[in-house]
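Step one of this worksheet: look at the structure below.
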Amino acid sequence: MFKSLSPVQLDPILSLSIAYREDPRDNKIDLGVGVYRNSLGETPIMQAVQLAEKRLIKTQTTKSYVALAGSEVFNQSMMDLLLSGTSAHSRASAVQTPGASGALRMLADLINVAQPDTTVWLTNPSYVNHKPVMEAAGLKVKYYPYFDPETKQVNSEAMLNELAKAGPKDVVLLHGCCHNPTGADITFADWQAITALANKNGFMPFVDMAYLGFGDGLEQDGAGLKYMADNTEEMVVATSCSKNFGLYRERTGAAIIISNSQQEAQKAKGRILTLARSSYTMPPDHGAALVADILNDQKLTNIWKDELDAMHSRILTLRQGLTQAIRQRGSEQFDFIEQHKGMFSVTGLTSEQILTLREQYGIYAVGDGRINIAGLQEKHIDHLAEALVSVSR
Ligand code: PLP
Ligand code: TYF
């Protein structure tokens with residue numbers, strides 16, 4: 001049966017990790033996959049997570065199934081984290097999913113059931129898995145103008161002009177903060193303008209919030225989403241605990257549905273549970289149990305918030321340090337790195353220049369020119385600055 005299969009291309013980001021591991025050079029730098037690393041190059045288990053894990057080991061008495069929706073305490077905590085203080089809080093429901101990836105797929109499946117001929121509009125460019133996930137769910141995909149390769153920022157005017165053409169058969173996918181891959185985020189005014197367009201023309205916003213707290217902190221990073229949720233009748237959110245709780249491999253996330261009433265939100269939740277049943281059935285428990293404990297214990301919440309703040313501050317410092325080191329070498333070409341938010345920046349380097357970085361300097365970056373600033377160690381900054389200036393000369 002499988003003889004008929006043609007070979008597939010590996011995911012460009014994950015295959016880069018494999019190539020990096022196989023590189024024997026000592027001074028190699030991995031700026032590929034989106035994982036946070038500390039000054040020692042490690043991705044440690046967060047303190048709050050370790051404390052919650054110790055408690056879980058002591059108190060957990062069974063590994064029996066939880067439920068199709070996972071932990072309802074976790075689900076409530078995710079809605080509190082993203083929607084507290086908004087009118088959407090009382091007309092939302094949530095389902096625990098295997099990462100934001102699971103949430104993206106479940107929500108896409110839900111949209112396909114509700115309105116099979118929907119087109120999902122993605123930022124140009126967008127997260128590598130957005131298009132495959134949406135298409136696998138049977139939805140059509142198109143791109144709207146987003147990143148301006150000249151300014152390395154969002155071209156708001158072009159974006160809003162195009163989004164003004166989206167209607168009731170369309171879903172507009174937005175990155176909640178810390179845009180992947182570009183690092184260029186929309187402004188609060190853009191969030192307001194897109195909300196107004198959604199209300200006027202009837203498209204549904206779909207927010208992917210994978211990096212809450214990694215840009216400017218929890219409050220600021222969530223402000224656009226909160227405004228939109230407060231001011232639209234219907235929207236959906238895929239959210240992740242991979243980065244901000246460092247739970248990557250535990251596959252912890254949630255799908256949130258905001259509707260015009262709690263009853264409607266529950267109906268959509270019920271439909272997602274049916275969809276989950278015909279797929280993975282139930283999400284893995286461990287990560288969600290930890291997050292639920294952390295967010296319902298003031299002491300652990302404080303520890304987690306401090307750690308998250310330390311991570312986002314360090315990313316800002318790395319951005320400043322790298323920009324400065326490049327300027328010291330006489331180039332202002334990469335000043336935008338300081339303005340970008342979150343883990344990533346698209347550098348504007350061509351695929352040939354990215355290949356030179358890899359072959360000559362042992363620096364691994366994604367072929368589209370994306371570098372993972374959060375994967376950088378302070379000791380790498382000069383080497384990276386040197387390489388960036390040299391390959392772009
Ligand atoms: N959405 C975006 C924009 C991402 O960058 C990622 C990457 O990790 C995901 C979703 C998937 O996250 P998770 O690990 O929670 O499945
Ligand atoms: O963009 C990234 O690097 C992260 C991790 O297929 C990732 O979002 C990368 C590739 C992939 C899934 C996750």
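Read-outs throughout are calculated quantities, based only on the coordinates presented, and are distinct from any laboratory measurement. Predicted, not measured: the structure shown is a model, and the values here were computed from it. Cβ placement follows ideal geometry from the backbone for every residue including glycine, while neighbour counts extend to all protein chains displayed.
See the values below:
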quantity: Length added when fully stretched, S278-D26, from 0.36 nm per residue minus Cα-Cα; calculated: 86.0 nm
quantity: Cα-based helix-to-principal-axis angle, 298-328 vs the chain, degrees rounded to 10; calculated: 30
quantity: Nearest-ten-degree value, helix 381-391 long axis tilted from longest Cα axis of the chain; calculated: 70
quantity: Amide H contacts under 5 Å for N124, placed H, 5+ residues apart; calculated: Y144, Y146, F147
quantity: q = 0.10, 0.13, 0.15 Å⁻¹: log10 I(q)/I(0) that the Debye formula gives for region 65-296, counting C-alpha atoms only; calculated: -0.40, -0.70, -0.95
quantity: Computed over region 275-356: relative contact order in percent, which uses C-alpha pairs under 8 Å that are six or more apart; calculated: 17
quantity: In Hz, Karplus ³J(HN,Hα) per residue of region 260-277 (6.51, -1.76, 1.60; θ = phi - 60°; x = Gly, Pro); calculated: 7, 8, 4, 4, 5, 5, 5, 5, 5, 4, x, 5, 4, 4, 5, 5, 4, 4
quantity: Straight-distance crosslink candidates among aspartates and glutamates, where the alpha carbon sits under 15 Å from K54 and sequence neighbours closer than 8 are dropped; calculated: D293, D297
quantity: S390/I45 FRET efficiency (R0 22 Å; Cβ-Cβ; nearest 0.05); calculated: 0.05
quantity: Positive-pole candidate from Q76, Y361, S278, dipole of the chain, charges at beta carbon; calculated: S278
quantity: Histogram of C-alpha separations across region 209-363, 10 Å bin width, %; calculated: 9, 26, 30, 22, 12, 2, 0
quantity: Cross-link table K152/K267; K299/K379; K200/K267; K226/K379; K131/K305, entries beyond 31 Å C-alpha to C-alpha; calculated: K152/K267; K299/K379; K226/K379; K131/K305
quantity: Contour excess over end-to-end distance, with Cα ends at T119 and S87 and 0.36 nm allotted per residue; calculated: 8.8 nm
quantity: Built amide H within the under 5 Å cut-off of V172, gap 5+; calculated: W121, M204, F206
quantity: Modelled FRET efficiency - R0 22 Å, R327 with F188, Cβ distances, 0.05 increments; calculated: 0.15
quantity: Rg(Cα)/(2.2 N^0.38 Å) for the chain, N = residue count; calculated: 0.98
quantity: Part-to-part distance (alpha-carbon centres) for region 60-103 and region 147-214, which is given in Å; calculated: 25
quantity: Å³ per residue enclosed by the Cα convex hull of region 147-277; calculated: 124
quantity: Relative contact order computed over the chain (Cα-Cα under 8 Å; 6+ residues apart), in percent; calculated: 25
quantity: On Cα atoms only, tilt of 351-361 relative to the major axis of the chain in degrees; calculated: 60
quantity: Relative contact order of region 65-296, pairs being alpha-carbon contacts under 8 Å that are 6 or more residues apart, as %; calculated: 30
quantity: Ratio Rg/Rh [Cα only; Rh per Kirkwood] for region 280-377; calculated: 1.14
quantity: Long-range amide H partners of I29 with built H, under 5 Å; calculated: I363, Y364
quantity: Modelled FRET efficiency - R0 45 Å, T62 with S4, Cβ distances, 0.05 increments; calculated: 0.50
